[in-house]
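Laboratory data are not the source of any read-out in this text; all were calculated from the coordinates shown. Quick caveat: nothing in here was measured; it's all calculated off a predicted structure. Cβ: placed from backbone, ideal geometry, glycine included. Neighbour counts: every protein chain shown.
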Ligand SMILES: [Zn+2]
């Protein structure tokens with residue numbers, strides 16, 4: 001255990017670092033400046049609650065929080081408000097659990113598409129928290145030490161930000177340094193020793209390397225996900241992978257030109273005409289479910305392939321540095337054909353069909369934004385866009401909250417404490433202005449974001465990052 005973690009553990013003997021971190025008392029002035037509510041006991045009253053478990057929204061609810069934990073949930077008329085509690089009236093608001101961003105990197109393409117990917121230790125954590133994303137899995141990184149140090153800084157109350165579930169360095173030979181099974185074993189153990197809690201295999205990893213990485217990770221109780229190509233989904237299932245990224249997009253299983261351990265050019269991307277009901281797809285779904293392999297969907301980054309989308313938000317344009325904003329605007333204006341756009345739309349609609357069939361078969365679906373590609377999908381804002389796109393794709397708002405909160409917590413083994421609203425759970429809660437059941441855009445209107453029972457002001461967090469994305 002590294003030095004600062006040891007000190008922190010002393011304050012939190014029972015809970016894990018993840019859960020005890022950043023109690024109100026320990027927050028530095030650098031964090032306090034964003035805090036709007038910090039009371040030992042408070043009651044949120046008259047809220048519409050979507051609790052994250054998949055249960056229907058409940059109207060006019062009260063949620064009582066004491067020392068960072070939820071102590072009561074029920075109708076406002078019947079839940080007693082403890083003496084001395086701060087009362088916050090949430091009439092007209094929706095309360096959901098803090099979101100879990102499961103493909104939420106801390107880097108971003110600072111220039112144009114394919115440009116340099118800069119880590120954003122200042123703006124990323126602020127934007128995630130402001131957007132209601134209270135937990136992230138970094139799902140691959142170029143700078144593992146930056147991620148680990150940021151996590152430590154957030155956990156000890158020195159920086160604002162979400163709970164970070166840090167990945168080790170990418171596992172393959174292009175983004176990472178894995179060129180043999182021995183490399184895979186060595187690097188998994190190295191980064192696990194340094195504090196990584198999960199791993200991401202990337203597109204050019206070979207089957208034997210992936211197998212070795214998974215074996216080492218599993219020995220330590222850690223999970224491996226993959227954005228694959230040279231290894232098919234079926235092969236990844238065979239070697240014990242835990243999770244696959246970008247829905248079924250990268251699956252090369254149905255590519256007639258696929259050769260072992262090679263990523264075919266243009267692989268796997270267009271699945272607009274692949275029948276979800278066909279036997280090969282159904283067989284894949286059955287195998288994923290049988291082997292308990294989770295799927296992470298990332299619709300916000302997929303949407304970037306359609307020029308002019310998503311709708312521009314002021315939190316997006318205001319947070320980008322001038323050079324980065326210009327690159328983004330140029331990209332939005334790039335020439336395209338209606339046929340291109342329709343193909344992407346059909347592809348996405350088919351991905352939603354796949355995901356629904358996967359869930360219906362008992363599969364575990366979670367979501368993340370992936371702030372890469374052309375850069376249209378930005379920290380936190382892309383997670384919110386995921387919500388809108390999943391609802392547009394036919395999931396109900398209640399199902400979508402579950403996919404984006406409880407399911408992430410469950411995959412990470414944290415659902416006992418996080419990912420839903422219930423008595424005994426940690427108070428990671430998001431207050432949204434409006435009725436999320438009727439209006440998916442309410443997901444964009446965070447008014448208070450609670451982490452560990454401390455309420456943060458999203459406007460202040462967004463304001464702090466103005467002009468910073470692309471630089472910090
Ligand atoms: Zn990614």
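Structure data summary
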quantity: Virtual spin-label span in nm between residue 67 and residue 145, 7 Å along Cα→Cβ; calculated: 3.9
quantity: Proxy reagent accessibility, fewest Cβ within 10 Å first, across 421, 96, 306; calculated: 306, 421, 96
quantity: Residue order, fewest to most beta carbons within 10 Å, for 325, 369; calculated: 325, 369
quantity: Ascending count of other beta-carbon atoms within 10 Å, so fewest first, for 447, 91, 297; calculated: 91, 447, 297
quantity: Gain in span if fully extended, residue 360 to residue 254, counting 0.36 nm per residue against the direct Cα distance; calculated: 36.0 nm
quantity: Rounded if a/c under 1.5, otherwise prolate or oblate - segment 210-353, Cα gyration tensor axes; calculated: prolate
quantity: Rounded if a/c under 1.5, otherwise prolate or oblate - segment 99-411, Cα gyration tensor axes; calculated: rounded
quantity: Relative contact order %, segment 99-411, counting alpha carbon pairs below 8 Å whose residues are six or more apart; calculated: 20
quantity: Gyration tensor verdict on segment 43-111 (Cα atoms; rounded if a/c is under 1.5, prolate if a/b is larger than b/c, oblate otherwise); calculated: prolate
quantity: Average Cα contact separation per residue, segment 331-411, under 8 Å, 6 or more apart, as relative contact order %; calculated: 26
quantity: Difference of contour (0.36 nm per residue) and Cα-Cα distance, residue 215 to residue 289; calculated: 24.6 nm
quantity: Ellipticity estimate at 222 nm from DSSP helix runs (n ≥ 4, -39,500 (n - 2.57)) divided over the chain, nearest 500; calculated: -9500 deg cm²/dmol
quantity: Relative contact order of segment 138-263, defined on C-alpha pairs under 8 angstrom at six or more residues apart (%); calculated: 21
quantity: Chain lengthening between residue 346 and residue 81 when straightened (0.36 nm per residue, less Cα-Cα); calculated: 90.4 nm
quantity: Computed FRET value (nearest 0.05) for residue 396 with residue 60, which takes r as the C-beta separation and R₀ as 22 Å; calculated: 0.60
